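Handing you a structure now.
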Amino acid sequence: MDVKINARGQTTLFIVGGIVIVGLIALFLFYKGGLIPSLNFKQDTNPNSFFESCIEGKVKEATGLISSQGGYIENRLNINFKFDKWEKYRNISYLCYTQSYYVSCVNQEPMLIQHLKDEIENYIRDEVENCFRDYVSELKNQNYEVESFYDGFDVNLYPKRIRIDINGKITAMKTGEASKQENFEIAVPTRFYDIASVVQEIISQEARFCNFETQGYMLFYPEFDIDRFRTSDSTTIYQIKHRDSNEEFVFAVRGCVIPPGV
């Protein structure tokens, strides 16, 4: 029996045949190139959610401590001070200081943002590495075969957030499938950078003009509340608070001091 195929039918056959050939080629390249579908991890071992839950608390602990002590975990150049609302005295670091009379203070941290990054990094270093190891252990507990490499991390300060970039690689394998993960990124919401930028501006003006106009600044930037207190030894304690987040930063300045009795 003769079968006649019209032009439209031939076109359809060519299209279907082309799709099948392309699909076979793609499938061949898929396995030839070693491209393996990602494994579906449980929610508690999703890398982003795991590291965020593991590290965020330590980062906020670091920023809280640093902010309450004038930008340092430890610093010998400080004044022991207590506002009435505080439960105890704190060692508040001088970020601009001179012992001399009539002389403007010297900026102790010209690269303040970089300094704060270093302070946070030093404080959370062990925690980040432990979190990486815990993540690898959790995968092994789920019967994955794991190969891992940890190469430290970086801290970056941005408006509204701190970003932690973990430099590492993890390959997890199970039932012939594998997933490769690397260079993990964690974002911690905070106004730490925004407040630090105000601190940096205050220090700069104190060093240049022996003063900072708090009222004028707050008119332009109403999201910040700036208080200052003058101690008996002519030290100025600044307290900067972000109104929305209630985060604050306290530091000391001593400059342009007039000798007693003058």
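Past 22 Å, Cα to Cα, is the threshold; run Lys117/Lys160; Lys58/Lys140; Lys60/Lys169; Lys60/Lys117; Lys140/Lys169 against it and keep the listed order.
Lys58/Lys140; Lys60/Lys169
Can you tell me the FRET efficiency between Thr175 and Asn122 if r is taken as the Cβ-Cβ distance and R0 is 45 Å, rounded to the nearest 0.05? Please list the in-between numbers first.
Details: r = 42 Å, r/R0 = 0.93.
With R0 = 45 Å, the Cβ-Cβ based efficiency is 0.60.
Relative contact order for the stretch 43-254: what is it in percent, counting Cα pairs under 8 Å that are at least 6 residues apart?
Here the relative contact order equals 22 percent.
If we count other beta carbons within 10 Å of each Cβ, what is the order of Arg76, Arg90, Arg208, fewest first?
Arg76, Arg208, Arg90
Oh, and also: Please order Thr190, Thr175 by the number of other Cβ within 10 Å, starting at the fewest. Before the final figure, lay out each step's value.
On the way: Thr190 23, Thr175 8.
Going from sparsest to densest Cβ surroundings: Thr175, Thr190.
So if we plug the beta-carbon distance of Asn143 and Ser204 into 1/(1 + (r/R0)^6) with R0 = 51 Å, what FRET efficiency do we get, rounded to 0.05? Mind showing how you got there, number by number?
Values: r = 57 Å, r/R0 = 1.11.
Between Asn143 and Ser204 the formula returns 0.35.
Now a separate question. Kindly put Phe51, Phe249, Phe81, Phe229 in sequence by how many other C-beta atoms sit within 10 Å of each C-beta, fewest to most.
Going from sparsest to densest Cβ surroundings: Phe229, Phe81, Phe51, Phe249.
Values in this text are rule-based calculations from the coordinates and carry no lab data. Being a predicted model, the structure only gives us computed values, none of them experimental. Glycine gets a Cβ as well: all are built from the backbone with ideal geometry, and neighbour counts include every protein chain shown.
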